[in-house]
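**Q** Provided herewith is a single structure, encoded as structure tokens, for subsequent inquiry.
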Amino acid sequence: MTKSYDALIIGGGHNGLVCAFYLARAGMKVRVLERRHIVGGAAVTEAFHPGFRNSTASYTVSLLRPKVIRDMKLHERGWRIIERTISNFFPHADGYLKLGGGTARTQAEFARFSAKDAETFPRYEEALERVAQVLRDLALKTPPNVGGGLRSLIAGVAQGRRLAGMDIEAQRDVMDLFVKSARSFLDSWYENEHVKAAFGFDAVVGNYASPDTPGSAYVLLHHVFGEVNGKMGMWGHSVGGMGAITQYMAEACVEAGVEISLEAPVARVLVDGKRVAGVRLESGEEIAAPIVASNAGPALLFRQLVDRADMTPEFARRMDGYKAGSGTFRMNVALSELPDFTVLPGKEKAEHHTAGIIIAPTLDYMDKAFTDAKAYGWSKAPIVEMKLPTSVDDTLAPPGQHIASLFCQQFAPELPDGRNWDDEREAAADAIVEEVTKHAPNFTASIIARQIHSPLDLERKFGLIGGDIMHGHMTLDQLWAARPVLGHGDYRAPIKGLYMCGAGTHPGGGVTGAPGHNAAHEILRDRSLSGRLLRRA
């Protein structure tokens, strides 16, 4: 082996950088190994057409934990978040609905469709916020490891006490959100289909499922526990794109002493006598380290990078069955002008252009998109969320021109009937453009260029197995202490010295930094304990 380090990080995504930062800050010699030419994983800003840049995959920010922001001094490095005036704009056949801008404003919007739903909204908002606060509290805590002894038992009791201390109505809400479908949960609150859809959309983001799927209500909750500039539940735009976040993180890492290697893909995790010895790169170079932390998802790590002989047969079987594939299709589009919506005409920048523009008018629409995807690969009427970053950040395109981020949902990770995404990606992209054009007739004609990421493209480019932006399904059997699998929810793999620090661990997907933070905490705990045992010996 040519070099040795205290720790190696597989993958320079945001969680890998966060983990590396905390380890280096504690005095460890750390090296990050990134397979691409740019650091940041799926949170990167790249040119996709001359003069046009965008957040290539991850495209909006809310979930990044304030502690990580403070510790890495991201704001001091220049990172800035622009808040949305309103959060979302839903055009549909009956007009449109705007969500956000404060409780009173949202109530006024809902009252156009249902006086009852307008009256209900503050109580719904309060109920979700109570549960979301629990998630915020748990996000930077290591889940108790089932069978992990006294320390895990104490951790489990401590974390459970937070839930037990809630009043009975809040506990009922927790139960509903974890086990119910989004439709069942929302039916218990609202009567109007457009109002339900405004909240139900969050239940299918990065979730290859119907809003009728049991457990989909939790995914709805996962997307509301964030904050922007200290304001709970908000989402915003990172000036310079999502890559600004990871570039500032990389800067913090380098200052702490981290060595970052680009175009350094890992081929194999090396194991010697049931403990990690380092890694082998695709170039053949071997690098020694007693600690390896993987930012790659569990499906990639244990199916491709760890030799099956180094795992127990039972663990290998569990990883074979680990569910990944988020049904996501991602496009970036260069535009000559802003979309001109039939329900709110105008090509000059308006409030709705700065919001998340969501084509998903009812829960039935979302359900059909999923059932169509299972049967045919995708729906002719797909779920689309469009962001227009240049409406708030004109540095990303030439003057007077724009970019659109299209996050599209319910595209089969693997196409039925043996079809291949390489053959079908253009047709799927055409269906997305056609759907947007139904609502903004000038959209097709305004397109200058487009960048397409099918589920297969997302897997090849970013290592997201099945195109899964969450590194694995966010279902009850793959959450908290069971993420990725019971017995290893504490960031430790079943090979001594191998850790997991990506979104395939608690608290899951999104740009949170929490898995990286928590994994580093556990690595340092183990290292400290090992040092004390050696000194005693």
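**Q** In the stretch 103-141, which residues are outside any helix (DSSP H, G or I) and either open to solvent by less than 40 Å² (accessible area, probe 1.4 Å) or touching a residue at least 24 places away in the same chain (Cβ under 8 Å) (or both)?
**A** The answer is Phe113, Ser114, Leu140, Lys141.
**Q** In a strand (DSSP E or B) and not hydrophobic (A, V, I, L, M, F, W, C), is that true of Arg425?
**A** no
**Q** Let me ask something else about it. Please specify each residue of the stretch 410-446 satisfying the condition of being surrounded by 13 or more Cβ atoms within 10 Å (Cβ to Cβ), closer than 23 Å to Ile469 by Cβ and among the hydrophobic types (A, V, I, L, M, F, W, C).
**A** Hits for the stretch 410-446 are Phe411, Ala412, Leu415, Trp421, Ala428, Ala429, Ala431, Ile432, Val433, Val436.
**Q** Which of the numbered conditions does Ser181 fail, given that it passes all the others? Conditions: (1) at pLDDT below 80; (2) open to solvent by less than 40 Å² (accessible area, probe 1.4 Å); (3) under 30 Å from Gly236 (Cα atoms).
**A** (1)
**Q** Right, something else. Looking for whichever is surrounded by fewer than 18 Cβ atoms within 10 Å (Cβ to Cβ), part of a helix (DSSP H, G or I), in contact (Cβ under 8 Å) with a residue 24 or more places away in the chain and aliphatic (A, V, I, L, M) here; the options are Ala369, Ala309, Ala375. Which one fits?
**A** Ala375
**Q** Looking at Thr85, Thr103, which one is modelled with pLDDT under 95 and farther than 20 Å from Thr390 by Cβ?
**A** Criteria check complete, one pass: Thr103.
**Q** Please go through the stretch 469-498 and give me each residue that is of a type in the set (Phe, Trp, Tyr) and surrounded by fewer than 24 Cβ atoms within 10 Å (Cβ to Cβ), ordered by number.
**A** Hit for the stretch 469-498 is Trp480, nothing else.
**Q** Is the stretch 384-391 home to any residue that is charged (D, E, K, R), buried (at least 18 other Cβ atoms within 10 Å of the Cβ), under 23 Å from the mean Cα position of the chain (by Cα) and closer than 26 Å to Ile469 by Cα? Steps first, answer last, please.
**A** Looking only at the stretch 384-391, we keep the residues that are charged (D, E, K, R), and these are 385, 387.
If we keep only those that are buried (at least 18 other Cβ atoms within 10 Å of the Cβ) too, we end up with 385, 387.
With the extra rule that they be under 23 Å from the mean Cα position of the chain (by Cα), the set shrinks to 385, 387.
From what's left, closer than 26 Å to Ile469 by Cα: 385, 387.
Checking the stretch 384-391: at least one residue is charged (D, E, K, R), buried (at least 18 other Cβ atoms within 10 Å of the Cβ), under 23 Å from the mean Cα position of the chain (by Cα) and closer than 26 Å to Ile469 by Cα.
**Q** When you look at Gly327, is it touching a Gly at 6+ places or on another chain (Cβ under 8 Å) and surrounded by 18 or more Cβ atoms within 10 Å (Cβ to Cβ), yes or no?
**A** Values: touching a Gly at 6+ places or on another chain (Cβ under 8 Å): yes; surrounded by 18 or more Cβ atoms within 10 Å (Cβ to Cβ): yes.
Yes, satisfied.
**Q** Let me ask something else. Could you list, ordered by first residue, the pairs with Cβ atoms under 6 Å in which the first is in the stretch 338-364 and closer than 10 Å to His439 by Cα and the second is part of a loop (DSSP other than H, G, I, E, B), at least 6 apart or interchain?
**A** What qualifies is Pro339/Ala440; Asp340/Lys347; Asp340/Ala440; Asp340/Asn442; Phe341/Ala440.
**Q** Pairs, please: C-beta under 6 Å, at least 6 apart or cross-chain, first residue more than 15 Å from Ala7 (Cα to Cα) and in the stretch 267-283, second open to solvent by 70 Å² or more (accessible area, probe 1.4 Å) and basic (Lys, Arg)?
**A** Within 6 Å, the pairs are Ala267/Arg280; Arg268/Arg280.
**Q** Further question: Only one of Arg275, Arg303, Arg268, Arg280 is open to solvent by 60 Å² or more (accessible area, probe 1.4 Å), more than 28 Å from Asn332 (Cβ to Cβ) and touching a Gly at 6+ places or on another chain (Cβ under 9 Å); which?
**A** One residue alone meets the criteria, Arg275.
**Q** Take the residues in the stretch 192-208 that are out of contact with any His (no Cβ under 9 Å at 6 or more places or on another chain) and farther than 16 Å from Thr106 by Cβ, then tell me which one is surrounded by the most Cβ atoms within 10 Å (Cβ to Cβ).
**A** Among those that are out of contact with any His (no Cβ under 9 Å at 6 or more places or on another chain) and farther than 16 Å from Thr106 by Cβ, it is Val204.
**Q** Does Ala445 qualify as being modelled with pLDDT of 95 or more and in contact with a Ser or Thr (Cβ under 9 Å, 6 or more places away or on another chain)?
**A** It is true that Ala445 is modelled with pLDDT of 95 or more and in contact with a Ser or Thr (Cβ under 9 Å, 6 or more places away or on another chain).
The values are calculated or read from the model by the stated rules, or taken from the named source; none is laboratory data. Everything quoted here is computed from the prediction, not taken from an experiment. Quick reminder, even Gly has a Cβ in these numbers, built from the backbone with ideal geometry, and neighbours come from all protein chains shown. Please note that ligands, DNA and RNA were not included when accessible areas were found on the heavy atoms of the full protein model with its side chains. Shrake-Rupley method; radii C 1.70, N 1.55, O 1.52, S 1.80 Å.
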